[in-house]
Amino acid sequence: MASLLSLPSLLFLLIIITSLLVQSSSSKPHRSVKPCRTPLPRGFRIPLTHVDHGRKLTKSQRVQRSIQRGKHRLETFYLMATTVPGSNTTTVPGGNIQAPVCAGNGEYLMELTIGSSAVPVSVIMDTGSDLIWTQCKPCTQCFQQPTPIFNPAQSRTFQKIPHTSGMCDCENTYVFNCNNGCQYTNVYGGQSSTRGYMAQDTFIFGDSTPVYNIGFGCGVNNQGLGLTQGSGIVGLGRGPLSLISQLGVDQFSYCLPPMGEDTNGTVFFGAQANLNYSTISANHSTPLIQNPYQPSLYYVSVQAITVGKILLPMSKNTLQLNSQGNGGMILDCGTTLTYLKAKAFNALKTAFISQMQLEVSESPQPGLDLCFDLPATGVSGVVVPKLMLHFVGGFNLVLPTQNYMISEPWNGVMCLSIVASGNGLSILGNMAQQNLLVLNNLEMETGTLNGLVTEEIRLEVQPGTKRVLISYHSSNGVAPQPTGNKRTVGWLY
């Protein structure tokens, strides 16, 4: 176990995650759209800012706002993952057009510029969708955004995409209307939507050179509170219209800042994504799984969970994706909390209650399923069980305490940032991923954990027994040292 006051000040874990090829042709990532240019030789990086950055909000207020956005996102993911493509449609707000429901409503903003005059825009980064879009003038209906609305008439490099382009899938009548050019419609959770036309223009990402002919949606009829934090969305899914596919890069990664801190994160693309780490440990590999109903989403396979000294009593298949597209765990940067299937969460809850040595709060915080009453001394001396996720392939991820516990001494409680999903779908949210470097590699088809750490887990088989002792060894360098401050956690078996 670890004291809440001894949280690592910096923890970088490198997770190189790749996709498995699903036998069904419908589940393969579509790569029919030709990349806009030769893959970037140097790669590039873009700062990430939380959507509530700069607002005078407490950590508790930020969490509550994020929880509300995450509820819509969870419901949308469930609808996306459990229905036949094209059937998960809804009526566009204010009209009678049927359109598919997409994730949207993300939590982090990335800055880029569009057009020959390099107009700056702030867009939501979304690993749960593909389309890139921003609001464009002239607007039929546009929401207020923090940056000027892009005006295509002022860009010499702007051009509309004809319906004959590979970026305009006229057979997908739920998204595209090819009667007058290439028009699109996307609906997001929380009754947010965008309608407009497809176009191409020059984009500049962070410190990169200009990237020509990026296909994106010019939204002229947009609405919904879930979109107003930025000017649009950049989809980082695995579909043909996503930024990943259009750039032709094989990998991207991101590091998200801690909740409640006004610090920036970073998203890396191409050659910069692995931070130049050349050593890859096969012992820490895990595959990404594709859902044939939603091949753009990033799924991971968690087969067991350990809380402190308790290995949760659940089947290896409890959190697995099945052949009907149900269950599984989505790796998502746009959902704040981690959601677990009810059976897994109930076991997790019981394990924490039995080891926390604190009373369960009778007044939990809204949206959180398990809180504990803090003693009069606050968080000082409070010991929290370590949480370890066991992934398929032998990769064991030990989360820092701040990635699954929210401490609110001003409210006298400490709450678990993991809740029950209620619909069988699980999500590894961005709070669980904060201060981790998550790298998606679409070429190597392996997953690796490597990089800068401040603590190392060791599983030691005790002589003459079959019991495995869990302990942590602190380190001051960029890699764990053979000696250090050893803290015994408990027994795994």
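Computed values, structure above
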read-out: Cβ-based net charge around Met414, under 12 Å, with every Lys or Arg adding one and every Asp or Glu removing one; value: -3
read-out: Sequence-distant residues sharing a close amide H with Ser165 (under 5 Å, placed H); value: none
read-out: Mean projected area in nm² (Cα convex hull; one quarter of hull surface) for the range 189-262; value: 6.8 nm²
read-out: Normalised convex hull volume, the range 241-399, alpha-carbon set, Å³ per residue; value: 179 Å³
read-out: Simple label model, 7 Å out from Cα along Cβ direction - Ala271 to Thr209, nm; value: 1.1 nm
read-out: Cα-based radius of gyration of the range 128-199 once divided by 2.2 N^0.38 Å, which approximates compact folds; value: 1.16
read-out: Entries of Lys309/Lys341; Lys59/Lys343; Lys56/Lys343; Lys59/Lys316 with Cα pairs more than 31 Å apart; value: Lys56/Lys343; Lys59/Lys316
read-out: Viscosity 1.002 mPa s, 20 °C: Kirkwood-radius Stokes-Einstein D of the range 351-407 over Cα pairs, µm²/s; value: 164 µm²/s
read-out: Distance between modelled label sites at Arg55 and Cys139, nm, 7 Å Cα→Cβ extension; value: 1.9 nm
read-out: Sites Ser363 and Ser315 - FRET efficiency at Förster radius 45 Å, r taken between beta-carbons, to 0.05; value: 0.85
read-out: Label-point separation in nm, Lys343 to Asn322, each point 7 Å along Cα→Cβ; value: 0.9 nm
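Bear in mind that the values in this text are calculations on the coordinates, not laboratory data. Not measured: the values here are computed from a predicted model. A quick note on method: Cβ atoms are made from the backbone with ideal geometry, for glycine too, and the neighbour counts reach across all protein chains shown.
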